Number of protein chains: 2
Amino acid sequence: AAPPGLEGAVERSPTSPDYLPNLHGTLGRDGNSDSNRSGEKKSSWDKLFQDFAKDRYGICPMVQSQQKLDRPLVRVQDLTPEKAEQQIWVRARIHTSRAKGKQCFLVLRHQQFTVQALLAVGDRASKQMVKFAANLTKESIIDVEAVVKKVEQKIESCSQQDVELHVERIFVISQSEARLPLQLEDAVRPEGEGDEVRKVDLIIINLHRNLNTTTSQAIFRLQSGICQLFRDTLINKGFVEIQTPKIISAASEGGANVFTVSYFKTSAYLAQSPQLYKQMCICADFDKVFCVGPVFRAEDSNTHRHLTEFVGLDIEMAFNYHYHEVMDSITDTMVQIFKGLCDRFQTEIQTVNKQYPSEPFKFLEPTLRLEYKEAVAMLKAAGVEMGDEEDLSTPNEKLLGRLVKEKYDTDFYVLDKYPLAVRPFYTMPDPNNPKYSNSYDMFMRGEEILSGAQRIHDAQLLTERAMHHSIDLEKIKAYIDSFRYGAPPHAGGGIGLERVTMLYLGLHNVRQTSMFPRDPKRLTP
Amino acid sequence: AAPPGLEGAVERSPTSPDYLPNLHGTLGRDGNSDSNRSGEKKSSWDKLFQDFAKDRYGICPMVQSQQKLDRPLVRVQDLTPEKAEQQIWVRARIHTSRAKGKQCFLVLRHQQFTVQALLAVGDRASKQMVKFAANLTKESIIDVEAVVKKVEQKIESCSQQDVELHVERIFVISQSEARLPLQLEDAVRPEGEGDEVRKVDLIIINLHRNLNTTTSQAIFRLQSGICQLFRDTLINKGFVEIQTPKIISAASEGGANVFTVSYFKTSAYLAQSPQLYKQMCICADFDKVFCVGPVFRAEDSNTHRHLTEFVGLDIEMAFNYHYHEVMDSITDTMVQIFKGLCDRFQTEIQTVNKQYPSEPFKFLEPTLRLEYKEAVAMLKAAGVEMGDEEDLSTPNEKLLGRLVKEKYDTDFYVLDKYPLAVRPFYTMPDPNNPKYSNSYDMFMRGEEILSGAQRIHDAQLLTERAMHHSIDLEKIKAYIDSFRYGAPPHAGGGIGLERVTMLYLGLHNVRQTSMFPRDPKRLTP
């Protein structure tokens, strides 16, 4: 049944013969749409309403590729004063609608962009047509023909502030059901306006809708940009992209926190990291490789920054003499990403900031490098009690981030030379001090986004270190054997895409930067 | 124990104090390496050998980032006549070695590139030094200092045919064990030279080694190029990259051929396709999205073109009036990939052709589009008996590929308007003939590489079609609900990366174009 106000309009009817209509008649500027209605319908319609504008609005038959229409659609973001007085077609969603006497104000939205549209009873629109427009459900997708008009006073509530549309035709392309699971206006209310609807968890439940907010559009466009900048930078540096398997026969690092898969008549695991495969490529002389792909962690961690499935941006690189060659490549890649985002994604950053205000992300060139020892000294000076070779707790990482920001004015830095004891067995020991290692973490706004190291490329030393960690050598035989036929010295690291997006934008939950987040309690949508 | 001939050389000893050496002394041009040997060793060494070249060769201590050496390494591929008479350092593997009287000929390899190197007893090299070089194991990684010399006669067996290296210093960076699992020369022997060692299965068993062949280097560099060209083309067209989850709560299309994952206290599945998620992004107005990621199929198919895990290049795009807008975008993307490969990867194509000769890949602009009906007519004319709405068998696909090649001289074409009955329930019916559908496959050298269609974006029609296919509506409720809040008309498709690589290069098994292939019988490495 049609919503109130739509009774008289042309209804789509996917099972009737009308289902294959003459689209030109319905949508075109000159056609007479009567041709695709039955004679009976037509006469009752005409008698009841005698609507002079009856061909100027209605519900289109479902777009089923009936014909190739030569009618350009202008994007909402391109509606600027340069287009003033032009008659154009726009496809967009109804974001809000408000009837006021003989007028109807619509806000039309496409992606992050909104524009005001006006229908008024007059030469081009009948009373029935304005009523039709006023009754359309929010989120419906419509095609409007309109004249672009400059406005005297900026329209503060829309992204396109200098123009509005004077609508002359309006057709529904896809109708939304009346009840939305979440009102989109609620979902983009700025933080602190005391509305629980905005809470991350509820938003996630309504993720399908939430993806359509201006904020989400901006977040995920920026995230796409991070991937692109990451790859472009590395390809310029001579890296090769590789594809590594996600179904593996043995658990990567001893077997904890790994998901099990039924694999025909046997069992397999989901890869916790592409590391073994990256290293095999290095052993096969690919020299510089990267991969972008899902990484799986069966950790029962329900924190703001853990997901059970996330996107890893992984790098591995052979070096000539010193692992800092690799570390410098990675920090430079991060810097290129930060610069690219700042240059090319200002619109997106501003859109996110409207809902989630944050300070612009700061970084230095070259990247600040601190040694672990120095970090411990800074923390101790700030009153923290900890051992020299103790790992950093999450609160201490954050505190360190604040101390570094105060002292060096940067949100990005590398912590180098971690204690050997807190790193995995394949980490190369520091040649100058056996208590430390050739390993590093990178931090954004005080949270870790990358962990990396020089890897041991010598089968004998690797065996010794595995035994020292009480690892079952039988289980990692394939890994150790990889290094028996000549292996170049190499280092690398893995970056969490969702964390980089979250921390660059100053957001507070990694679920906001994963389109379809997975955690111990969330498997849908 | 050191291999024969290496007894006298400096040995690495990761656990002795020598483990932290003065690298400058060992590797540098002017240093005296005696400083890092014990006095006892030194004196016995000197007495026994009195080797004037003793500082010019040896086994380096493991590179542990002891120091940042300022010594550029020239890549094998950059060894050209322009460098003649220059004294340079090169790091490469020993591909082959042959001693001949007072001389030792080495072929050094890095990636796809090889160069001849010569050591001869004389001013710069002692007898002991030549013997040391001759006894090094194949695949060991070495640093050599050498003078680049033009040669009079081209060296046919190397990629660098116009120069050779006259070696003056030689140090081992990483030693290979003597027994290789597969001789690399065997692995790159041209097809048809009657050697079973080359057979795909055996090569796969030795994949770790096999990745190091010149052919594999070329295949996977070209594959990296396909991904890059795919994304760059789409980003230029305004597409956004998305990341879709691989762990899902319900099987995508009814539940067959899906891998099950243990997920904490419940069960989940591995995504067979990102399609639902791509479509949700379209419903959220992302307009044009793509994703590159693993796709999982629990099919017990042991053919030359099936893998249980492969890389999907997936596209989904909203269109204005006709799904050919999307189809044309996809074919244009493929054409840009073919052109880019031809322009930028000739070296790789030539390298692969040496082992696997094939005709250059041909395509037309614009892409040839045939309707399913026409294809059936061509097959019937060629003597095939089949019904008009019957699906194409694999042999018929291949035959059709040959017929199309003969008639149109192209290895790439689109088959449009498949019978509705042979496509999934969400495929949009053809508005002009209910027996057909708005769907298409794309073919390279007669094999399918992409399957796609306009999707039904209307919840009511989607429900009808699902019921017609006897699909349990409860299981696909979330999918159908995605279209209840306004959905733009859209179409898309999924491409198999490994198949595109295989067919572009004219290879015959998809396992050759997957670095770490997974099939019902193969889970390692």
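The values are calculated or read from the model by the stated rules, or taken from the named source; none is laboratory data. In this text, all values refer to a predicted model and were calculated from it rather than measured experimentally. We place every Cβ from the backbone using ideal geometry, glycine too, and count neighbours over all the protein chains shown. Protein only, heavy atoms only, side chains kept; ligands, DNA and RNA dropped before computing areas. Shrake-Rupley method; radii C 1.70, N 1.55, O 1.52, S 1.80 Å.
I'd like the accessible area for B:CYS158, computed on protein heavy atoms only with a 1.4 Å probe and all protein chains in place. Round to 10 Å², please. Roughly 10 Å² of B:CYS158 is accessible to a 1.4 Å probe.
Rounded, prolate or oblate: pick one for segment A:378-525, where a ≥ b ≥ c are the square roots of the eigenvalues of its C-alpha gyration tensor, a/c under 1.5 means rounded, and failing that, prolate if a/b is larger than b/c, else oblate. Oblate.
Of A:MET334, B:MET467, the order by accessible heavy-atom surface (1.4 Å probe, DNA, RNA and ligands excluded), from most exposed downward, is B:MET467, A:MET334. Each copy carries A:ASP300; placing its label point 7 Å along the C-beta direction from Cα gives inter-copy distances of 3.5 nm, listed from smallest up. For the peptide B:479-492, the mean number of other protein chain Cβ atoms found within 10 angstrom of a residue's Cβ is 5. The lysines within cross-link reach of B:LYS149, meaning a Cα-to-Cα straight distance under 18 Å and a gap of 8 or more places when in the same chain, are B:LYS83. For segment B:57-174, relative contact order (Cα pairs under 8 Å, six or more residues apart, normalised by length) works out to 32 percent. Gain on full extension, evaluated as 0.36 nm per residue between B:SER249 and B:GLU390 minus their Cα-Cα distance, stands at 47.4 nm. Proximity of backbone amide H atoms, modeled 1.01 Å from N, is registered between B:GLU168 and B:GLU145, B:ALA146, B:VAL147 at under 5 Å, excluding neighbours fewer than 5 places apart on the same chain. Per residue of peptide B:260-270, the mean number of Cβ atoms on other chains within 10 Å of the residue Cβ is 5.
Between A:ASP519 and A:THR308, the built amide H atoms are under 5 Å apart, and every one of these is 5 or more places off in sequence or on another chain. Of the cross-linked pairs A:LYS278/A:LYS435; A:LYS288/B:LYS339; B:LYS380/B:LYS435; A:LYS237/A:LYS278; A:LYS237/A:LYS407, those separated by over 22 Å at the C-alpha level are A:LYS278/A:LYS435; A:LYS288/B:LYS339; A:LYS237/A:LYS407.
Taking all C-alpha pairs of segment B:57-174, those more than 25 Å from each other amount to 17 percent. Other residues within the sphere of radius under 12 Å centred on the Cβ of B:GLU152, judged by their own Cβ, net out at +1 (K and R +1, D and E -1).
Could you rank the peptides A:240-247, B:160-167 by their average count of other C-beta atoms within 10 Å per residue, with the highest value first? Please list the in-between numbers first.
On the way: A:240-247: 22.9, B:160-167: 20.8.
Per-residue mean Cβ counts within 10 Å order the peptides as A:240-247, B:160-167.
Using a 7 Å projection from Cα along Cα-to-Cβ, the label point at B:LYS354 is separated from the same position in the remaining copies by 5.9 nm, smallest value first. Computed about its Cα centre, the charge dipole of segment A:57-174 is approximately 400 debye, with only Lys, Arg, Asp and Glu carrying charge at their Cβ. For the residues of B:223-231, the average number of beta carbons from a partner chain within 10 Å of their own beta carbon is 4.
Could you compute the net charge surrounding A:VAL121? Neighbours are other residues with a C-beta less than 11 Å from the C-beta of A:VAL121; K and R count +1, D and E count -1.
Numbers: positive: A:LYS102, A:ARG124, A:LYS127, A:LYS131; negative: A:ASP123.
Taking every other residue near A:VAL121 into account, the sum is +3.
Here the label points at A:ALA382 and B:GLU374, each 7 Å from Cα along the C-beta direction, are separated by 6.9 nm in the simple model. Amide H contacts for B:ILE59 (H built 1.01 Å from N in the peptide plane; partners 5 or more residues away or on another chain; cut-off under 5 Å): B:VAL10, B:VAL172. The figure for A:ARG75 is an accessible area of roughly 120 square angstrom, using a 1.4 Å probe on the protein chains alone.
Below 13 angstrom from the Cβ of A:GLU309, what's the summed charge of the other residues (Lys, Arg +1; Asp, Glu -1)? Kindly include the intermediate steps, with their values, before the conclusion.
Numbers: positive: A:LYS246, A:ARG297, A:ARG511, A:ARG518, A:ARG522, B:LYS246; negative: A:GLU299, A:GLU498, A:ASP519.
That works out to +3.
Distances between copies at A:THR260, taken between label points 7 Å from Cα along the C-beta direction, are 1.2 nm in increasing order. In terms of Cα atoms, the Rg and Dmax of segment B:213-302 work out to 16.4, 47 Å. A dipole drawn for segment A:213-512 from +1 and -1 charges on Cβ atoms has a positive end, and of A:GLN512, A:ALA478, A:ASN320 the residue lying farthest that way is A:GLN512. Rounded to the nearest whole Hz, the Karplus-based 3J(HN,Hα) values (6.51 cos²θ - 1.76 cosθ + 1.60, θ = phi - 60°) of segment A:381-397 follow the sequence 4, 8, x, 6, 9, 7, x, 5, 10, 7, 6, 7, 6, 4, x, 5, 4, with x at glycine and proline.
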